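*Asks:* First the structure, then my questions, so here it is.
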Amino acid sequence: MTEGGSSTPRTWIAEAADLDAVAALLGEFRSWFGKSEPTDVQIRASVERIHAGGDGGYLLAAIGDGEPQGVCQLRFRWSVWTSSHDAWLEDLFVRERVRGFGLGRALLEAAAEHARARGCARIELDVDEANAPALALYRAGGFAGDPKAKARSLLLGRALVPSGEPSS
């Protein structure tokens, strides 16, 4: 594939002009999971809020000079345990038709570099352990199953807003 004249992956930090592309890719990611919520309007509003908030952001990836084909969402928070910021890789999605061209690897490396530039001591993520391609990508990118402790860490969550209700 030579979209945009080159098959070299290109990544960049999304700016305000890129937020429509970010929202569209996250909407495709939602649909890839077989979901219909949040709506496209809700996704766009959240993308704007995160972009403006300073504690998160987005990276985009394309093949050469082509249109964005992949997105990575990063969130940042201060950690007592490292006395520095931590990065949370919340989402990474590449359109199926361009998987295998290095966009996922490029986004993963760009995410690590962006987090490092922000002073983060570590970057973490969660992944469905049945998603073998994603798990292989993350492991190849240096992610380990137990970054904090000798025992296996579990990610737990609790809904605070009933399903289907918007939060403020």
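*Asks:* Would you check if there is a residue in segment 2-18 being closer than 26 Å to P162 by Cα and more than 15 Å from the chain's Cα centre (by Cα)?
*Replies:* No, every residue in segment 2-18 fails to be closer than 26 Å to P162 by Cα and more than 15 Å from the chain's Cα centre (by Cα).
*Asks:* Does any residue of segment 69-79 turn out to be within 24 Å of E15 (Cα to Cα), at pLDDT 95 or above, assigned to a loop (DSSP other than H, G, I, E, B) and touching a Phe, Trp or Tyr at 6+ places or on another chain (Cβ under 9 Å)?
*Replies:* Looking for residues that are within 24 Å of E15 (Cα to Cα), at pLDDT 95 or above, assigned to a loop (DSSP other than H, G, I, E, B) and touching a Phe, Trp or Tyr at 6+ places or on another chain (Cβ under 9 Å), one finds at least one in segment 69-79, hence yes.
*Asks:* Let me ask something else about it. Among the residues of segment 110-138, what is the count of those that are of a type outside the set (S, T, N, Q) and assigned to a loop (DSSP other than H, G, I, E, B)?
*Replies:* Residues in segment 110-138 being of a type outside the set (S, T, N, Q) and assigned to a loop (DSSP other than H, G, I, E, B): 7 in total.
*Asks:* Run down R99, R118, R105 and say which single residue is surrounded by 11 or more Cβ atoms within 10 Å (Cβ to Cβ), more than 30 Å from S36 (Cα to Cα) and not small (G, A, S). Spell out how you get there, then give the answer.
*Replies:* Working: R99 fails: more than 30 Å from S36 (Cα to Cα); R105 fails: more than 30 Å from S36 (Cα to Cα).
None of the others qualify; the one that does is R118.
*Asks:* Checking A159 against (1) surrounded by fewer than 10 Cβ atoms within 10 Å (Cβ to Cβ); (2) modelled with pLDDT of 85 or more; (3) not basic (K, R), which test does it fail?
*Replies:* Only one criterion is unmet by A159, namely (2).
*Asks:* Residue pairs, Cβ under 8 Å, 6 or more apart or interchain, first in segment 36-59 and closer than 20 Å to W88 by Cα, second among the acidic types (D, E) and buried (at least 17 other Cβ atoms within 10 Å of the Cβ). List them.
*Replies:* From residues that are closer than 20 Å to W88 by Cα, the pairs are Y58/D18.
*Asks:* Hey, among F76, F29, which residue is aromatic (F, W, Y), closer than 18 Å to R122 by Cα and in contact with a strand residue (DSSP E or B) (Cβ under 8 Å, 6 or more places away or on another chain)?
*Replies:* Values: F29 fails: closer than 18 Å to R122 by Cα.
Among F76, F29, only F76 is aromatic (F, W, Y), closer than 18 Å to R122 by Cα and in contact with a strand residue (DSSP E or B) (Cβ under 8 Å, 6 or more places away or on another chain).
*Asks:* Here is a further query. Scan segment 6-55 for residues that are touching a helix residue (DSSP H, G or I) at 6+ places or on another chain (Cβ under 9 Å) and at positive phi and jot them down.
*Replies:* none
*Asks:* T11 versus (1) surrounded by fewer than 19 Cβ atoms within 10 Å (Cβ to Cβ); (2) of a type in the set (S, T, Y); (3) outside any helix (DSSP H, G or I): which is the lone unmet condition?
*Replies:* (1)
*Asks:* If you don't mind, there's one more thing I want to ask. Conditions: (1) more than 23 Å from D128 (Cα to Cα); (2) without any contact (Cβ under 8 Å) to a residue 40 or more places away in the chain. D18 meets all but one. Number of the miss?
*Replies:* If we test D18 against (1) more than 23 Å from D128 (Cα to Cα); (2) without any contact (Cβ under 8 Å) to a residue 40 or more places away in the chain, just (2) comes out false.
The values are calculated or read from the model by the stated rules, or taken from the named source; none is laboratory data. Computed from a predicted structure; not experimentally measured. Every residue, glycine as well, gets a Cβ built from its backbone with ideal geometry; the counts of neighbours run over all protein chains shown.
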